[in-house]
Amino acid sequence: MLLALVQVGGTLGAAHNQPARRPVDALAVGLLVLGPAAVWFGRRAPRLVCAAVVATTGLFLLAGYPYGPVYASLALALVFAVARGHRVTAWSGAGALVLADAVGRIRLDRDHWSWGTQLGVVGWVLVILAVAEVVRVRAERAASFRAAVQERRRRQAGEERLRIAQELHDVVAHHMSLINVQASVALHLADRRPENVEPALLAIKDASKEALAELRSLIDVLRDDGPAPLAPAPTLAALDDIVERSAHAGLVVSKSVEGQARALPAAVELAAYRIVQEAITNVVRHAGAHHAAVTLGYGAEVLTVRIDDDGDGGRRHADLVPGNGLRGMHERAAALGGTFSVAASPLGGLRLEAGLPVGGGG
């Protein structure tokens, strides 16, 4: 072991300049080897190792053997102990070592013992303990940093799972609602007007195909090594598809634009698209409406998304209990620092309105 060789060789060399100290003998060599041997197990049992090294070093000094690199194994043992949180053990061991050195000096040459020399030993021991404390503080900071990084990753993973769950809810609810309406229409017309069944079935086919494509894109996001999503995230340009599909479901949807239409940040366009999609889904499923109006207001700093319908929601507005859809729309707006409100519509139904900041017109 390199440390043992250093302690034994260094002490033999230092002994030539310390004629007043006790010559190095077999016992001294044994003590010089025992210290490094104990340090080998320092990471497993730091308290026990610290006590063992302090004992061997203390016996070495108490016997009056020459000073030298005998403190090397002591320094490592104290660092290991303090770094693992056993500060009392380390500081108590250091105090015992200073006491053993003082007794050894007095036994060897009482007349030449001095406080100055003894304070030099105390100083070296304090330096070792100070280094140990620095190592401990750095280790604790590193552990805290790693814990913070892991916590941040867990939080980000949780937020991502919530985002994907919200996307899945919006996609599945919208397309399944349209499919349900079209299937009901097809069943109703199967016997009376069979020539009108085919358009309903084609609408079901288109809605299910698009739903599967969006679901595959969302699932691909969950695969670290998977292929790129099959389709980009929906934008406001895709609102015409919602208008067309809603017509197949018996709901006439009109779209109007206020202000100058322009490209907006992807997060804003996705949120606006999903809000409109979820709002139309709610109208199809719950409002009993025949007409809905979607208005996009392009302001300098805010995109206003407004959906009005002529259903029966306006009469029930005061008693309306928010479901997953309304909560999801509110959360999408809030995530961008925007607003979301529900009120009675001039058309007789409900008005859903979201204000989404666009970053100065992004």
Open item on the list: Just to confirm my filter: which strands (runs of 3 or more DSSP E) fall fully inside the range 275-362 and include at least 2 residues that are at pLDDT 80 or above and surrounded by fewer than 18 Cβ atoms within 10 Å (Cβ to Cβ)?
Closed with: 291-298, 339-344
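In contact (Cβ under 8 Å) with a residue 12 or more places away in the chain and buried (at least 22 other Cβ atoms within 10 Å of the Cβ): does that describe L12?
So L12 fails the test.
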Task: Which listed residue, of L74, L99, L34, L59, is crowded, with 22+ Cβ neighbours inside 10 Å and in a helix (DSSP H, G or I) - done: L74
Open item on the list: Condition (residue is at pLDDT 75 or above, in a helix (DSSP H, G or I), hydrophobic (A, V, I, L, M, F, W, C) and over 27 Å from L62 (Cβ atoms)) applied to the range 111-133: is it met by at least one residue?
Closed with: no
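The values are calculated or read from the model by the stated rules, or taken from the named source; none is laboratory data. Everything numeric in this text was worked out from a predicted model, so none of it was measured. Reconstructed Cβ throughout: ideal geometry from the backbone, glycine too, with neighbour counts over all protein chains shown.
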